[in-house]
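The values are calculated or read from the model by the stated rules, or taken from the named source; none is laboratory data. Computed from a predicted model, the values in this text were never measured in an experiment. Cβ placement follows ideal geometry from the backbone for every residue including glycine, while neighbour counts extend to all protein chains displayed.
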Amino acid sequence: MAYGKTIAVPNGVSPSMICAGDTLNHWKSDTCKGDSGGPIQIHHNFNDSSLLFDIVGITSFGRSCATETIPVINQWYNLSSDDKWYNDKDIGMFNKKLLHEIRKNWILDTTKNSNNYSGLEDPESEDPSMGQSQIIKQYFDHKKGGFFIECGAYDGETRSNTLYLERFLGWTGLLIEADPMNFKKIIEKKRRAFLSPTCLSIEPYPMIVSFLMAKNIGRIHEPNDLSSEIQNTNDVAHNGKHIDVQCFPLASYIAALNVTTVDYFSLDVEGNEMDVLRTIPFDKVDIKTLSVEYTHVESGKEKMVEFMAKNGYYVYSFVKKPNNLANDIIFVKRYL
């Protein structure tokens with residue numbers, strides 16, 4: 001078929017017959033071997049065609065060439081607050097209808113992926129973190145089968161604070177990443193975890209935010225915000241593009257997954273760490289350890305330490321590396 005045209009898919013074509021193609025810049029390629037129906041570009045509601053991600057091919061409308069499919073990423077983005085009944089409404093973090101919505105529409109279960117991690121770029125690197133994983137491992141005395149939450153998860157591999165725990169200690173958890181380009185990479189890494197193409201809310205209720213796509217330093221950011229704290233500069237951003245992203249409070253994700261204890265929560269959201277922490281009902285969710293980036297927190301790390309102390313946590317360690325590769329505080333829950 002010709003580029004840009006739309007055709008009706010014949011009856012009987014199943015999802016397994018659809019294969020993910022190459023990147024947008026190489027849309028003519030087709031990953032299916034042999035007879036194929038040619039590349040198709042999927043359009044959703046984006047106004048900017050540079051944000052389209054998946055080219056797919058249909059294999060002769062009958063013979064499957066794929067064992068699995070990559071979800072159409074665009075479906076989760078550029079929504080408005082009016083699109084969902086729960087946004088900007090203080091309905092309670094544990095609202096049963098909300099939890100069902102999160103489970104059904106905002107979390108991908110990839111926990112049953114193969115444990116060979118064939119999607120990793122550097123499988124020989126056991127621990128890509130800057131030391132956080134080893135501190136958590138030592139604190140838990142090499143505990144097996146723990147549960148983590150990591151936000152922002154970036155691409156699921158580069159400087160990941162949870163990949164080592166997952167690969168070598170059998171942990172699983174939830175990876176939250178708001179940038180659609182990064183989220184697509186996480187899917188391709190084939191992590192054995194739950195995935196969510198969202199962000200953590202900075203209010204105690206669901207909301208839509210404007211998110212700056214900026215590789216590993218993406219953040220909640222209004223297009224006209226020229227803040228001197230973290231400027232929207234083209235050298236770090238994907239041409240300064242913004243996208244509207246769905247956010248939920250952390251406690252809602254935990255409840256939606258029916259998790260009773262989070263062993264480790266990694267929080268790195270480029271400036272909104274305190275806003276996220278303030279939404280957490282620490283008396284209602286059990287989080288044993290946290291690593292929190294403090295570099296871009298406007299109120300400073302001292303205020304963060306004070307806030308966490310009031311909520312029952314003490315400073316266990318600091319992780320600091322040159323070139324701002326790590327500026328984290330490790331907090332541990334104080335048990336009486």
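Conditions tested, residue by residue: (1) in contact with a strand residue (DSSP E or B) (Cβ under 6 Å, 6 or more places away or on another chain); (2) part of a strand (DSSP E or B).
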{"site": "VAL276", "(1), (2)": "yes, no"}
{"site": "ILE280", "(1), (2)": "no, no"}
{"site": "LYS288", "(1), (2)": "yes, yes"}
{"site": "SER291", "(1), (2)": "yes, yes"}
{"site": "HIS296", "(1), (2)": "no, no"}
{"site": "GLU306", "(1), (2)": "no, no"}
{"site": "TYR316", "(1), (2)": "yes, yes"}
{"site": "VAL319", "(1), (2)": "yes, yes"}
{"site": "VAL332", "(1), (2)": "yes, yes"}
- Looking only at the range 127-176, and only at residues there that are more than 21 Å from LYS320 (Cβ to Cβ), charged (D, E, K, R) and in contact with a helix residue (DSSP H, G or I) (Cβ under 6 Å, 6 or more places away or on another chain), the one that is surrounded by the fewest Cβ atoms within 10 Å (Cβ to Cβ): LYS144
- What number goes with the only condition from (1) buried (at least 20 other Cβ atoms within 10 Å of the Cβ); (2) within 23 Å of GLU203 (Cβ to Cβ) that ASP244 does not pass? (1)
- Within the range 271-294, tally of residues that are in contact (Cβ under 8 Å) with a residue 60 or more places away in the chain, more than 18 Å from ALA153 (Cβ to Cβ) and hydroxyl-bearing (Ser, Thr, Tyr): 1
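Here's the yes/no breakdown for (1) crowded, with 22+ Cβ neighbours inside 10 Å; (2) at pLDDT 95 or above; (3) out of contact with any Leu (no Cβ under 7 Å at 6 or more places or on another chain):
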position	(1), (2), (3)
LEU226	no, no, yes
ASN234	no, no, yes
ALA255	no, yes, no
SER266	yes, yes, yes
- Message: For the range 74-108, give me each residue that is farther than 18 Å from PHE194 by Cβ and assigned to a helix (DSSP H, G or I).
- Response: ASN74, SER81, ASP82, ASP83, LYS96, LYS97
- Message: I'd like the full set of residues that are under 15 Å from ARG219 (Cα atoms), assigned to a loop (DSSP other than H, G, I, E, B) and not aromatic (Phe, Trp, Tyr), limited to the range 147-196.
- Response: GLY152, ALA153, ASP155, GLU177, ALA178, ASP179
